[in-house]
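Everything on this sheet refers to the single structure shown next.
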Amino acid sequence: MPTISINKKEFEKYVGKKLSLDKLKDRISYLGTDLEKVDNNEIIVEIFPDRPDMLSLQGFARAFSSFISVKKGLRKYNVKKSDHKVIVDKSVDKYRPYTVCAIIKNLKFSDEKIKEIIDIQEKLHITYGRNRKKAAIGVYPFEKIKTPIVFIASDPKKIKFIPLGEKKELNGLQVLNQTSSGREYAHLLEGMNKFPYFIDANNEVLSMPPIINSDNVGNISNKTKDVFIECSGFDFNILKKCLNMIVTSLADMGGEIYSMEIIYGNKKIISPNLEPEKMKLDLKYMNKLLGLNLKEKDVKKYLERMGYDYSKNIVLIPAYRSDIMHQVDIIEDIAITYGYENFKEEIPNVATIGEENNFEVFKNKIANLLVGFNLSETSTYHLINEKDLCENMLVKTDYIELEKASSSDYNILRTWVTPSLLQVLRTNKHNEYPQNLFEIGTVFNKNKEKIEENDRLAITLCHSKANFTEIKQILDSLFDNLGLKYKIDNIEHNSFIPGRVGRVSVNGKKVAYIGEINPLVLSNFGLEMPVSVFELNLTELFKLMPEKIGL
Amino acid sequence: MSIKELIETLHPLERKVLPILKEDMELKKIIEKTKLKDVEAMRALQWLQNKDVLKIKQDLKEVISLDKNGEEYIKTGLPETKFLKSLTKELNFNEIKEKANLTDEEFNISLGLLKREDLIQIKNNKIKITEKGKSLKESKEEFLRKLPLETKDLGNKLIKEKIPDNFIDTLTTNILKTNSWKGKKFRRYDIKINVPKIYPAKRHFVNQSIEYAKRIWLDLGFKEMQGSKVQIGFWNFDALFTAQDHPVRDIQDTYYIKNFNGKLPSKDIVERIKKTHENGWTTGSKGWQYSWDEKEAKKNVLRTHTTCLSAETLSKLKESDIPAKFFSVGKNFRNETMDFSHGFELNQSEGIVIDKNANFKHLLGYLRAFANKMGYGRVRFRPAYFPYTEPSVEGDVYDSIRKKWIEVIAAGIFRPEVVKPLLGKDIPVLAWGNGLDRMAMGMHGIKDIRDLYKNDLKQMKNMKLWLK
């Protein structure tokens, strides 16, 4: 999850109040942000993904300031009218259909502030913009631009400009191949025969979203005062919110917001739109869900501490909030301001009957019985690797593979449990013998078009005299205890010593393997002790049980 | 213990050794005379020493340790004695070495030793004997020489005693059958003696905690849910209102099964979920405002949480089943590289409460009850974000052994966008997925999450019994 690192002094300036470190820590956690670090200079907080509007110092400070009741209610942002235009050409429809734009004037830029803006832009790109897929943001020095600006798509070979930070002019395709930003985001333009770009009335390319700005007119310096901002992408609402998050942050920095006219064919849109959205709040529903009995005036007070306005069941939602989809989202904000620490916890008096799953009971009974044979229970991973599952066991198995598993030791699903136990024996060679183990675990097998999961019991006996008799004694005893009769047939299995391996069946259903492990397998696992094994399918066995446990 | 009682404790081996035992007796001679095996003789001697009869073993050890230089020093005197004797006046290092006839090594060791014992003083590279040193020198005592053999008073007395040999040692079935024990004495055992350690086989310690966690939910009236570990994205994500482009669905975070898609459930439930994602359906939500893709929902994943079981349970619930409470404890999977605080398989303790009167206070109540019963007295809650709950809450418990808060609780009330499409109506469903492995780590004093499943048999042998 994204974190922001902010200067504590700056933060206090924006919040309008200085809190002690302890108080600060406490309040930040209860606002619904994860505090990672706070000292006298720096605050690092993790912002939950539903609140991208807090990904800037300004946005976070704005929310915090309300929360601690310094500046309450909906913030008023004045949007001045300008008649600068952005014309959206029909050609972008298929490639990147929407853009929303704004002009911010009278910003005092310093290197620090430029860094800050780039930082907000990047954070939004990664999170809310899903790595520029949903939204790409461009910021330009407005002084260098002549409106109207056109958003248009053309043959990439014909789009020519010097990309930001480069020396020479490149065409659209070259930008993808020859710049680092191009290579990183080329996949977002994959398969497109036209690329979208912004171009101004001087015929200067501003940028080629979502890849890169131009060096000529897309580079902010500390002489810049006024900026042009655009967000482009596929969902108008997302872009609108994204733009609002940026313009409100810049306005908090001291900038003045100017609107632009965005022209879509014969439709004209004024952007940015900072009108609050309205949502109905059902107080009864809210009180019931939270288990509270809040009066309307309390609700109003709490909502104002979250930056909303409220009047007669209608909540006015700040234009930069992107997470309010349902009234439950507002209700959570009420709970947060009410304070999670202030809820009187209770366990209701509702009569329900506890019930354990029958199969779980069955497995548990067996595990407890096996401990009586002096077998130690292990708990291994369901994931394994090909070498230990197949190669070292001298078998070929049609196993299930995982896509791009982060560890090559654990990248497939086990088809039986015995290899996991041999892995355990391998890592315990320095420990005392006998090492007699058991495990009940899930295995995964392909069955035509389905993945079948079974819970299996594996027992391995490993000591200088481990043999078939001893393992069969346990099998016998287990089946006696379960009241089941079994049949055993000779089979061939590469993992076992020929002539010392059998297949066990109950009522004609094959349920287990039993045998002594092949010395070659032992040597593959680096073992110098004999091992005898049985592996029993408990899922199948449970179906064959004459009487079921429990109800 | 009286000497009589002492005699009653004597083991046959000890009785064989005792009569021939004299001062300065060597082990070799004892073996020769008693005709015991050397281990038997050693054991007898050790037992006798434990009974404070002798101090043989230690003396023998010291003789051996002095063997190399001992004989030499017995003849010529210990180097430190010679050192001290040479100090008739202040001397420098070389003078002493020469006068006392010491090697460099002997000189250095003696110097340190005498200095430490405050017997000499060093000043400007000259060495002077102290008052303490003088008095020692004059007493002519071999102050550092230890006695080669020490015989205890008790031992001397014991040797003189008449030792009867009609004690019963091992009680056999024959003795019992013939009643021949009557009128005889049993040899007394040294019940304080250390015995070789044995270890019981045990359930795996994580499974012991799982069993306990399950019992808590059963005690609270919850019914167990069970389900598969491979799940379609539909149950793991879509039914839980997790947008299809949510980063948690990225391959870097979730294990996807290669080349293997699953089957979606019945058409109407798929349709309801699709609409809920796209525009909120009839839940009163705006939805995610995108076009929902069935293909994404069919992909098989290793479940990233057991909450998928809760979603499936909701979809099967009938009106008459409500109010209802369910739990499950099981493994989840995250495509992560293992380190001390991250595992790729972890146990979660899942729960849902479906009740038209359920509320946020109840949620916190259940969560605290569970944490308390797990042995954590201090619990704190704070706001959080999950795509499928609102309000959402995270909770920490205080680990009093490691003295820190650990994050183990993730919970909330399911969003209407989750409940209504699955259940058919919007009623409160309290839900949580608590990190059980982290709690188990705290309870077993384990610092590295990898130690939970390394199956080191020595660690498992020494692990304390889960006493809850």
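Check A:272, A:318, A:276 and return the single one that is touching a Gly at 6+ places or on another chain (Cβ under 7 Å) and over 30 Å from residue B:358 (Cα atoms).
Numbers: A:272 fails: touching a Gly at 6+ places or on another chain (Cβ under 7 Å); A:276 fails: touching a Gly at 6+ places or on another chain (Cβ under 7 Å).
Residue meeting the stated conditions: A:318.
Can you name the number of the only condition in (1) at pLDDT below 85; (2) not assigned by TED's automatic domain parsing to the domain that holds residue B:55 that residue B:133 fails?
With (1) at pLDDT below 85; (2) not assigned by TED's automatic domain parsing to the domain that holds residue B:55 applied to residue B:133, the lone miss is (2).
For region A:101-134, which positions are assigned to a strand (DSSP E or B) and of a type outside the set (A, V, I, L, M)?
So the first thing to find is which residues in region A:101-134 are assigned to a strand (DSSP E or B), and the list is A:101-105.
Of everything in region A:101-134, those that are assigned to a strand (DSSP E or B) and of a type outside the set (A, V, I, L, M) turn out to be A:101, A:105.
For region A:441-551, which strands (runs of 3 or more DSSP E) that fit wholly inside it have 3 or more residues that are under 26 Å from residue A:428 (Cα atoms)? Full working, then the answer.
Details: elements: A:450-462, A:487-490, A:496-506, A:509-517, A:531-537.
Qualifying strands (runs of 3 or more DSSP E): A:450-462, A:496-506, A:509-517, A:531-537.
Which of the residues spanning region B:251-309 are hydroxyl-bearing (Ser, Thr, Tyr) and out of contact with any helix residue (DSSP H, G or I) (no Cβ under 8 Å at 6 or more places or on another chain)? Talk me through it step by step, then tell me what you get.
Step one: list which residues in region B:251-309 are hydroxyl-bearing (Ser, Thr, Tyr), which gives B:254-256, B:266, B:276, B:282-283, B:285, B:290-291, B:304, B:306-307.
Residues satisfying the conditions are B:255, B:256, B:266, B:306.
Looking at region A:397-411, can you tell me whether even one residue there is surrounded by fewer than 15 Cβ atoms within 10 Å (Cβ to Cβ) and small (Gly, Ala, Ser)?
yes
In region A:157-208, what count of residues is obtained for those that are in a loop (DSSP other than H, G, I, E, B) and hydrophobic (A, V, I, L, M, F, W, C)? Before the answer, list the steps.
Of the residues in region A:157-208, the ones in a loop (DSSP other than H, G, I, E, B) are A:159, A:162, A:164-169, A:179, A:190-194, A:200-204.
Add one more test, that the residue is hydrophobic (A, V, I, L, M, F, W, C), and what stays is A:159, A:162, A:164, A:192, A:201.
Count: 5.
With the condition kept exactly as written, say whether any residue in region A:328-335 is closer than 16 Å to residue B:365 by Cβ and touching a His at 6+ places or on another chain (Cβ under 7 Å).
No, region A:328-335 has no match at all.
Which helices (runs of 4 or more DSSP H) does region A:313-430 wholly contain that include 2 or more residues that are facing another protein chain (nearest Cβ under 9 Å) and under 29 Å from residue A:470 (Cβ atoms)? Explain how you work it out, then say what you get.
On the way: elements: A:327-338, A:358-371, A:418-427.
Passing ranges, in order: A:358-371, A:418-427.
Report, by residue number, each residue of region A:436-452 that is touching a residue at least 60 places away in the same chain (Cβ under 8 Å) and not β-branched (Val, Ile, Thr).
A:436, A:437, A:438, A:439, A:441, A:444
Could you say which residue among A:379, A:420, A:407 is modelled with pLDDT under 95 and within 38 Å of the chain's Cα centre (by Cα)?
Working: A:379 fails: modelled with pLDDT under 95; A:420 fails: modelled with pLDDT under 95.
Checking each option against the conditions leaves just A:407.
Find all pairs meeting these conditions: Cβ atoms under 7 angstrom apart; at least six residues apart or on different chains; first residue within region B:359-373 and surrounded by fewer than 24 Cβ atoms within 10 Å (Cβ to Cβ); second residue part of a helix (DSSP H, G or I) and not β-branched (Val, Ile, Thr).
Going by the 7 Å Cβ cut-off, the qualifying pairs are B:359/A:288; B:359/A:289; B:359/A:290.
When the residues of region A:328-358 are filtered to those that are within 19 Å of residue B:427 (Cβ to Cβ) and surrounded by fewer than 21 Cβ atoms within 10 Å (Cβ to Cβ), which remaining residue is modelled with the highest pLDDT?
A:329
Against the condition surrounded by 17 or more Cβ atoms within 10 Å (Cβ to Cβ) and assigned by TED's automatic domain parsing to the domain that holds residue A:363, how does residue A:451 come out, does it pass?
Values: surrounded by 17 or more Cβ atoms within 10 Å (Cβ to Cβ): yes; assigned by TED's automatic domain parsing to the domain that holds residue A:363: yes.
Yes.
Every residue in region B:237-272 that is of a type in the set (D, E, K, R) and crowded, with 17+ Cβ neighbours inside 10 Å, please.
Filtering region B:237-272 for residues of a type in the set (D, E, K, R) gives B:238, B:245, B:249-250, B:253, B:258, B:263, B:267-268, B:271-272.
B:238, B:249, B:272 - these are the residues of region B:237-272 that are of a type in the set (D, E, K, R) and crowded, with 17+ Cβ neighbours inside 10 Å.
Cβ-Cβ under 9 Å, sequence separation 6+ or interchain: first residue in region A:95-113 and over 21 Å from residue A:272 (Cα atoms) and in the same structural domain as residue A:11 (by TED's automatic domain parsing), partner of a type in the set (S, T, N, Q) and part of a loop (DSSP other than H, G, I, E, B). Which pairs?
Listed pairs, sorted by first residue: none to list.
Between B:298, B:275, which is more than 13 Å from chain A (Cβ to nearest Cβ), touching a Phe, Trp or Tyr at 6+ places or on another chain (Cβ under 8 Å) and surrounded by fewer than 18 Cβ atoms within 10 Å (Cβ to Cβ)?
Step by step, each of B:298, B:275 is checked, and only B:275 is more than 13 Å from chain A (Cβ to nearest Cβ), touching a Phe, Trp or Tyr at 6+ places or on another chain (Cβ under 8 Å) and surrounded by fewer than 18 Cβ atoms within 10 Å (Cβ to Cβ).
Name the residues in region B:278-295 that are assigned to a loop (DSSP other than H, G, I, E, B), more than 11 Å from chain A (Cβ to nearest Cβ) and either touching a Pro at 6+ places or on another chain (Cβ under 7 Å) or more than 23 Å from residue B:431 (Cβ to Cβ) (or both), would you? Quick ask: steps written out before the conclusion?
So the first thing to find is which residues in region B:278-295 are assigned to a loop (DSSP other than H, G, I, E, B), and the list is B:280-293.
Within this subset, residues satisfying the condition of being more than 11 Å from chain A (Cβ to nearest Cβ) are B:281-282, B:292-293.
Residues satisfying the conditions are B:281, B:293.
Taking into account only those residues within region B:319-331 that are assigned to a strand (DSSP E or B) and in contact with a helix residue (DSSP H, G or I) (Cβ under 9 Å, 6 or more places away or on another chain), which is nearest to residue A:405 (Cα to Cα)?
Initially, region B:319-331 is screened for residues assigned to a strand (DSSP E or B), giving B:324-331.
Subsequent filtering for residues that are in contact with a helix residue (DSSP H, G or I) (Cβ under 9 Å, 6 or more places away or on another chain) retains B:324-330.
Values: B:324: 38, B:325: 35, B:326: 32, B:327: 29, B:328: 26, B:329: 24, B:330: 21 Å.
Here the residue is B:330.
Only one of B:257, B:269, B:251 is away from chain A (no Cβ under 11 Å) and either at pLDDT 95 or above or within 22 Å of residue B:333 (Cα to Cα) (or both); which?
Values: B:257 fails: away from chain A (no Cβ under 11 Å); B:251 fails: away from chain A (no Cβ under 11 Å).
So the residue among B:257, B:269, B:251 that is away from chain A (no Cβ under 11 Å) and either at pLDDT 95 or above or within 22 Å of residue B:333 (Cα to Cα) (or both) is B:269.
Pick from B:150, B:161: which is under 24 Å from residue B:55 (Cβ atoms), acidic (Asp, Glu), surrounded by 12 or more Cβ atoms within 10 Å (Cβ to Cβ) and modelled with pLDDT of 75 or more?
On the way: B:150 fails: modelled with pLDDT of 75 or more.
The conditions single out B:161.
For region A:400-418, check the following and say yes or no: at least one residue is of a type outside the set (Asp, Glu), on the phi < 0 side of the Ramachandran plot, in contact with a helix residue (DSSP H, G or I) (Cβ under 6 Å, 6 or more places away or on another chain) and touching a residue at least 40 places away in the same chain (Cβ under 8 Å).
No, every residue in region A:400-418 fails to be of a type outside the set (Asp, Glu), on the phi < 0 side of the Ramachandran plot, in contact with a helix residue (DSSP H, G or I) (Cβ under 6 Å, 6 or more places away or on another chain) and touching a residue at least 40 places away in the same chain (Cβ under 8 Å).
Can you find even one residue in region A:84-94 that is assigned to a loop (DSSP other than H, G, I, E, B) and at pLDDT 95 or above? Quick ask: steps written out before the conclusion?
Here is the first cut: in region A:84-94, the residues assigned to a loop (DSSP other than H, G, I, E, B) are A:84, A:89.
Of the ones still in play, those that are also at pLDDT 95 or above are A:84, A:89.
Checked against the condition, which is being assigned to a loop (DSSP other than H, G, I, E, B) and at pLDDT 95 or above, region A:84-94 yields at least one hit.
Might you check whether a residue that is within 28 Å of residue A:341 (Cβ to Cβ) and within 14 Å of another protein chain (Cβ to nearest Cβ) occurs anywhere in region A:68-90?
Let us first name the residues in region A:68-90 that are within 28 Å of residue A:341 (Cβ to Cβ), namely A:68-75.
With within 14 Å of another protein chain (Cβ to nearest Cβ) added as a condition, the list becomes none.
No: zero hits.
From A:238, A:229, A:257, grab the single residue that is touching a Ser or Thr at 6+ places or on another chain (Cβ under 9 Å), more than 14 Å from chain B (Cβ to nearest Cβ) and surrounded by 19 or more Cβ atoms within 10 Å (Cβ to Cβ). Walk me through how you get there before you give the answer.
Numbers: A:238 fails: more than 14 Å from chain B (Cβ to nearest Cβ); A:229 fails: touching a Ser or Thr at 6+ places or on another chain (Cβ under 9 Å).
A:257 is the lone residue from the list that is touching a Ser or Thr at 6+ places or on another chain (Cβ under 9 Å), more than 14 Å from chain B (Cβ to nearest Cβ) and surrounded by 19 or more Cβ atoms within 10 Å (Cβ to Cβ).
Restricting region A:21-48 to residues that are within 14 Å of chain B (Cβ to nearest Cβ) and assigned to a loop (DSSP other than H, G, I, E, B), which is farthest from residue B:391 (Cα to Cα)? First the steps, then the outcome.
So the first thing to find is which residues in region A:21-48 are within 14 Å of chain B (Cβ to nearest Cβ), and the list is A:25-36, A:45-48.
Keeping just the survivors that are assigned to a loop (DSSP other than H, G, I, E, B) gives A:32-33, A:47-48.
Details: A:32: 11, A:33: 14, A:47: 16, A:48: 13 Å.
Once the filter is applied, the top-ranked residue is A:47.
Right, residue B:431: within 11 Å of another protein chain (Cβ to nearest Cβ) and within 23 Å of residue B:324 (Cβ to Cβ) or not?
The answer is no for residue B:431.
If you take the residues in region B:237-248 that are in contact (Cβ under 8 Å) with a residue 40 or more places away in the chain and facing another protein chain (nearest Cβ under 10 Å), which one is nearest to residue A:133 (Cα to Cα)? Show your work before the answer.
So in region B:237-248, the residues in contact (Cβ under 8 Å) with a residue 40 or more places away in the chain come out as B:237-246, B:248.
Restricting the remaining residues to those that are facing another protein chain (nearest Cβ under 10 Å) gives B:241, B:243, B:245-246, B:248.
On the way: B:241: 21, B:243: 15, B:245: 10, B:246: 12, B:248: 16 Å.
In this case the residue turns out to be B:245.
When both residues are 6+ apart or on different chains and their Cβ atoms are under 6 Å apart, which pairs have a first residue that lies in region B:1-18 and is outside any helix (DSSP H, G or I), and a second that is not aliphatic (A, V, I, L, M)?
Pairs that qualify, where the first residue is outside any helix (DSSP H, G or I) and the partner is not aliphatic (A, V, I, L, M), are B:9/B:188.
Residues that are modelled with pLDDT of 95 or more, touching a strand residue (DSSP E or B) at 6+ places or on another chain (Cβ under 7 Å), acidic (Asp, Glu) and over 25 Å from residue B:278 (Cα atoms): does region A:213-222 have at least one?
no
The values are calculated or read from the model by the stated rules, or taken from the named source; none is laboratory data. Computed from a prediction, not measured in an experiment: that's the story for all the values here. As a convention, Cβ positions derive from the backbone with ideal geometry for all residues, glycine included, and neighbour counts pool all protein chains shown.
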